[in-house]
1. At R0 = 25 Å, how high is the FRET efficiency between residue 114 and residue 88 if r is their beta carbon distance? Nearest 0.05 is fine.
2. Would you calculate the separation in nanometres between label points at residue 81 and residue 104, each defined as 7 Å from the Cα along the Cα-to-beta-carbon direction?
3. Lys and Arg at +1, Asp and Glu at -1: add these up for the other residues within a Cβ distance under 15 Å of residue 183 and post the number.
Amino acid sequence: MLRRKKPSLYTSIWLVIIGYAFMYDQLFWQLQLRVSEGSALLYPGWLCYVFILLAIPTLARYQKSVTLLRPLAWYLGAVTLVRWIFQLAGLSPEGWYVYAVNVVTSAVLLYFHFQLQTSLYRIIQPFNPERARLIRIFRSVSAVVNTVMCFPIQLGQSPEMELLQSGIAFFATLGVGGTQAELFMSLRDIRAQSMAAPASLQKEGEL
């Protein structure tokens with residue numbers, strides 16, 4: 001009977017990097033909705049959580065707390081998918097229940113990504129403490145930006161508001177992009193250690 005090979009840490013980090021690429025779509029989609037009531041581009045931001053869900057089992061072998069994020073990833077992925085479908089159909093549901101879902105989703109979003117990046121920082125630390133420190137910094141930047149974006153404020157189109165929007169977009173890019181860059185650079189350290197690891201560990205897909 002063939003034994004299914006477990007995804008490696010190297011592969012799982014790649015999945016997170018790809019997943020965060022779709023976070024850009026989510027961030028700028030939210031910003032666009034705040035600037036105007038016009039239609040936004042149809043970004044499949046829900047794919048972010050699909051890739052993260054694929055990475056969670058392996059990441060949990062290094063940080064058990066990552067397992068607790070699985071139901072939250074399912075929730076965020078489902079909400080994002082439903083919003084995407086509504087947008088695709090040109091629907092804009094309103095009502096107290098929509099507001100309630102948005103509030104809950106904002107809180108879950110803040111906790112999920114803060115905790116995920118905290119776990120990634122701890123996973124990377126044994127391979128490269130300096131890169132882990134930078135991931136922690138970008139985690140903090142992302143937390144601040146996400147918190148600001150959770151406020152139910154409709155931005156106008158004045159030069160001042162456009163400047164504010166540009167600033168938020170810059171820090172959103174810095175937080176997510178910085179995390180992606182440091183994770184990508186960490187792959188080299190993970191690969192180097194996997195090559196130096198005993199053959200038994202390589203067969204088990206531990207690295």
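Taken together, the values in this text are just the output of simple stated rules run on the coordinates, not laboratory data. Quick caveat: nothing in here was measured; it's all calculated off a predicted structure. Cβ sites come from the backbone with ideal geometry, for glycine too, and all protein chains shown count toward neighbours.
1. It comes to 0.25.
2. According to this spin-label approximation, the distance is 1.7 nm.
3. Details: positive: 122, 131, 133, 136, 139, 188, 191; negative: 130, 182, 189.
Around residue 183, the surrounding residues sum to +4.
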